[in-house]
Amino acid sequence: MTMTVSRSVLLGAAVASVSALALAGCASPTKALSAQPLSVGPVAAQRAAIAPAKPCKDGLPPVASIDPGNVSATDRSTWPESATLSKIRERGRLLVGTSGDVLLWGARSPETGRLAGYDIDLLREVAIKLGVDPEKTEYRVINYAERLPSLKTDASRPVDLVAHTMTINCDRWQGTGTAPNAINFSSEYYSSGQKVLVRYNPITKKPEQNSIASLNGKKVCVPKGSTNIDNLAAYPKVIPLLVDDLGECLVEFQEGNAAAITGDDTVLAGFAAQDPYAKVVGEAFSKEPYGLGINADDPGFTRIVNAILEDLRSEGTLQALYDRWMAKAVTGPAPAVPKAVYGRDISRLGRS
Amino acid sequence: MSQTIVPPAPRGMPSRPAVSTGSSGSGATRPGPPSSRRASASATVRHYLDGSPGRLRMISAMAVIATVLAAVLGGAALRERSAALAEGAATAEHLLLVQDIQTNVTEADAVASNSFLRAGLELPAQRARYSAAIATATRELAIAARASSEDAQALGAVNAALATYLGRVESARANNRQGLPVGASYLATASALLTSEVVPPLEARAAADAAMIDAAYARAGNARWWLALAALVGLGGLVWAQLYLVQHSRRIVNVPLAASTVGLLVALVLASAAMALAQSKADGVRHGALWEATDLSRSRVAAFGAKSVESLALIKRGSGAELDPAWDTAMVTAQRSLPPTSSAEGELAFYAQRHGVIRTLDAGGDWDRAVVAAVSTAKDSADGHFTAYAERTRAELDDRAAAASSGLNEVGGSLLPAGILVVLAGLLAAAGAWWGISLRLDEYR
């Protein structure tokens, strides 16, 4: 009884806050969506909803990384000086930070007890290209808050690389805002974005809805205080069901309290992998570019990693990783592997 | 039958007053015009109360009324204290029951979350402990709900929330056995439901019980003023009658009156002693065993809560540090609530220390070793010390609860006999007063 009451109170608050966001969106010149005529189709609206990310202090977009230039992944004589690389060679193995509970990306398999997922496989490929035994790679499961600090040179337990479904943004490049310290990012290896998870009939192979736009008047579960709520502002008729933690959304979805869940496609795919009656649908209506985290003072290692990623792109490895981990959970054709963007000079980021 | 056979009226007596209206007869109840009848009656009363014999008759009546009143008041006072003490005892039983439900559900949650860390390899003993705690809690809920309509309403809601909780725990378990992370979310929502919708109504009912117990003992305490009033009226009436007799005759002592006074005094002293003894025994149990049982319950509920939080923090994998403040708060409550007589304080301190090791391991990134430490059942592990704490407090709680329950139920035992004694003494004193004064009256004949 009380559950229903508190939930409807929450919902009321959520609707109020979302409509407030929608109003804010109207006033903001960067979010022209709400001012657009109603005749615009849902897909076009979704595309229009993704505002280009604000450039960093050097005027470049967040996804811009350091150009590998003449560095070749296969010709080690072209590799520049790098403190991280020296440590890896000295140690004879890679030391990485990953997630331990993001299903399909970095999660411990209950059968083997070993970590498995897209990020884990990517690190394996990087280890091979770096010339170290991937079997010897030491995985350190770190939490979200530890992702940046563990890349500091003076970290208590430093790692060479962080592969942890980490979004590339300016604050993390610059060490500003909520970022405790600056880090370097590799070029973008996966283009994540906010999508919806809906009910799916595995026999007819049909989802109940095809996109966020078809969820008008339906309850969509979203965690409190997340950026995912802000992105719902463009869909004022969708009723948000607020929970404390994204994981609770799958509970609400399975108990029938929510028709859909919205969040990053990577997390939603992890939900779909646990529930054969759920699929991730529609196009992303936000952009979360994922990059590997590297020590801020090691541009040399950043260039080497970028050269390796170039190879993994052209060899089709990144596409294969998508097919292996994400394709089953998502409807529709596979998205294109993001192209690398370069031109960043870390001395111009205004790091303190 | 009796209506049809009308016996002939005795000669000289009117069969009914209406028939003989106006006729003159020889009976004492000769009816006449209302005014003359009243006048003759008041003349009789006046004659009856006239002079010294009349005054003596008045004194006699007053003394009898005073002693009968004392008997009634004294008996009522003892009955009131007995009833209030019995209500206090019954409410205390209910309080202990409600607290036992609380400890059982929180214990079940602590066990469920700890065995979740073992996934499919959960220990059968742990599963059995969980099932037993839930079985006890649901059985006790059904009993506790019968106490009052408020209990029925609040505990009915608790029962409904508990049903949802059980469903979520089973979903958590089923998903966990298949290695699906959503199991952790089911467990987290189950635990949250317990803290938001099961424990608070139980706490509210326990608080209501505690308030009712206080009110019952306050009422029991007030009964002493009724006894005091009984003494004032009864003994006062007798003493006043004797003083009158002393003033108006040469005899110093009227034996029946004096005996009545002494008898009533002795009965009242005995009753007052029984009342004081019952109250002080009840206060002793209430401030002793009952309070200790309540404190032990509070400590256990908080400690089981802390144990749940410890497991949930590990289940959160790496983001468990956000639950540290919740654990700290629960542990402070668990330690502060532990009565000084408890022997479990050391074990709780050991557990807190081992818990610190688990947190350090988890915060340091060594989740695996943290989990191994958390699920270990070795004697010197966190769980080992916690289990020792739980067992010791369980035994102490059972002992205190039994002592409180039997103690409170026994204290009222001497009150009803004392009540009967006061009533009998009062009635005997009334008879004695009447007799004593009628002896004096005889002297006027």
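The values are calculated or read from the model by the stated rules, or taken from the named source; none is laboratory data. Source: prediction; values computed, not measured. Glycine also receives a Cβ, built like all others from the backbone with ideal geometry; neighbour counts cover every protein chain displayed.
Screening the range A:104-113 for residues that are in a loop (DSSP other than H, G, I, E, B) and in contact with a Ser or Thr (Cβ under 9 Å, 6 or more places away or on another chain) and picking the one that is nearest to B:N175 (Cα to Cα) gives A:L104. The residue that is surrounded by the fewest Cβ atoms within 10 Å (Cβ to Cβ), among those in the range A:129-148 that are of a type in the set (D, E, K, R) and away from every other protein chain (no Cβ under 14 Å), is A:E135.
Just one of the listed residues (B:T195, B:T136, B:T189) is at pLDDT 95 or above and not small (G, A, S), namely B:T136. Would you mind telling me which numbered condition in (1) surrounded by fewer than 23 Cβ atoms within 10 Å (Cβ to Cβ); (2) more than 24 Å from B:A174 (Cβ to Cβ) A:G97 fails? Exception for A:G97: condition (1). Identification of strands (runs of 3 or more DSSP E) wholly contained in the range A:186-226 with 1 or more residues that are small (G, A, S) and farther than 30 Å from A:F301 by Cβ yields no element.
The residues of the range B:370-393 that are closer than 24 Å to B:G320 by Cα and surrounded by fewer than 14 Cβ atoms within 10 Å (Cβ to Cβ), listed by number, are B:T377, B:A378, B:D380.
Residues are listed down the side, and each one gets a yes or a no for (1) over 26 Å from A:G117 (Cα atoms); (2) aromatic (F, W, Y):
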{"residue": "A:A233", "(1), (2)": "yes, no"}
{"residue": "A:K237", "(1), (2)": "yes, no"}
{"residue": "A:L246", "(1), (2)": "no, no"}
{"residue": "A:F253", "(1), (2)": "no, yes"}
{"residue": "A:A258", "(1), (2)": "yes, no"}
{"residue": "A:L268", "(1), (2)": "no, no"}
{"residue": "A:A273", "(1), (2)": "no, no"}
{"residue": "A:A278", "(1), (2)": "no, no"}
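Would it be correct to say that B:G320 is buried (at least 17 other Cβ atoms within 10 Å of the Cβ) and out of contact with any Gly (no Cβ under 9 Å at 6 or more places or on another chain)? Yes: the conditions hold for B:G320. Does A:N231 count as within 20 Å of the chain's Cα centre (by Cα), under 30 Å from A:L85 (Cβ atoms) and more than 14 Å from chain B (Cβ to nearest Cβ)? In short, no. Restricting attention to the range B:291-326, the residues that are of a type outside the set (A, V, I, L, M, F, W, C) and within 14 Å of another protein chain (Cβ to nearest Cβ) total 7.
Taken over the range B:152-168, the residue count meeting the criterion of being surrounded by fewer than 19 Cβ atoms within 10 Å (Cβ to Cβ), touching a helix residue (DSSP H, G or I) at 6+ places or on another chain (Cβ under 8 Å) and not small (G, A, S) is 3. Could you please tell me which pairs satisfy a Cβ distance under 7 Å, a separation of 6+ or placement on different chains, a first residue in the range B:366-388 that is more than 16 Å from B:K307 (Cα to Cα), and a second residue that is surrounded by fewer than 19 Cβ atoms within 10 Å (Cβ to Cβ) and of a type in the set (S, T, Y)? Listed pairs, sorted by first residue: none to list. Mind checking whether some residue in the range A:171-185 is at pLDDT below 90 and more than 20 Å from A:K287 (Cα to Cα)? Checked against the condition, which is being at pLDDT below 90 and more than 20 Å from A:K287 (Cα to Cα), the range A:171-185 yields no hits at all. When we screen A:V198, A:V159, A:V126, A:V102 for residues that are within 14 Å of chain B (Cβ to nearest Cβ), surrounded by 17 or more Cβ atoms within 10 Å (Cβ to Cβ), touching a residue at least 12 places away in the same chain (Cβ under 8 Å) and over 15 Å from the mean Cα position of the chain (by Cα), the only hit is A:V159.
Within the option set B:E170, B:E150, being out of contact with any Ser or Thr (no Cβ under 6 Å at 6 or more places or on another chain), among the acidic types (D, E) and within 30 Å of B:R81 (Cβ to Cβ) holds for one residue only, B:E150. Selection of the range A:126-152 for residues being of a type outside the set (A, V, I, L, M, F, W, C), within 23 Å of A:R172 (Cβ to Cβ) and not in a strand (DSSP E or B) yields A:N143, A:Y144, A:E146, A:R147, A:P149, A:S150, A:K152.
Within the range A:237-273, being within 8 Å of chain B (Cβ to nearest Cβ) and among the aliphatic types (A, V, I, L, M) holds for A:L250, A:V251. Within the range B:93-105, the presence of a residue that is hydrophobic (A, V, I, L, M, F, W, C) and over 13 Å from B:L202 (Cβ atoms) is excluded. Only one entry of A:A258, A:A182 meets the criterion of being more than 15 Å from A:N169 (Cβ to Cβ) and among the small types (G, A, S), and that entry is A:A258. Determine, yes or no, whether B:G364 is within 14 Å of chain A (Cβ to nearest Cβ) and surrounded by 21 or more Cβ atoms within 10 Å (Cβ to Cβ). Spelling it out, it is not the case that B:G364 is within 14 Å of chain A (Cβ to nearest Cβ) and surrounded by 21 or more Cβ atoms within 10 Å (Cβ to Cβ). Pairs are defined by a Cβ separation below 7 Å, a sequence spacing of at least 6 or placement on different chains, a first member in the range B:233-257 that is without any contact (Cβ under 8 Å) to a residue 12 or more places away in the chain, and a second member that is part of a helix (DSSP H, G or I) and surrounded by fewer than 17 Cβ atoms within 10 Å (Cβ to Cβ); the pairs so defined are B:I252/B:V246. Any residue in the range A:175-197 that is of a type in the set (K, R), in contact with a helix residue (DSSP H, G or I) (Cβ under 9 Å, 6 or more places away or on another chain) and over 27 Å from A:K339 (Cα atoms)? No, the conditions are met nowhere in the range A:175-197. Restricted to the range B:361-445, the set of helices (runs of 4 or more DSSP H) holding at least 1 residues that are at positive phi is empty.
Those helices (runs of 4 or more DSSP H) of the range B:86-195 in which 2 or more residues are closer than 30 Å to B:E292 by Cα and away from chain A (no Cβ under 14 Å) occupy B:124-144, B:149-177.
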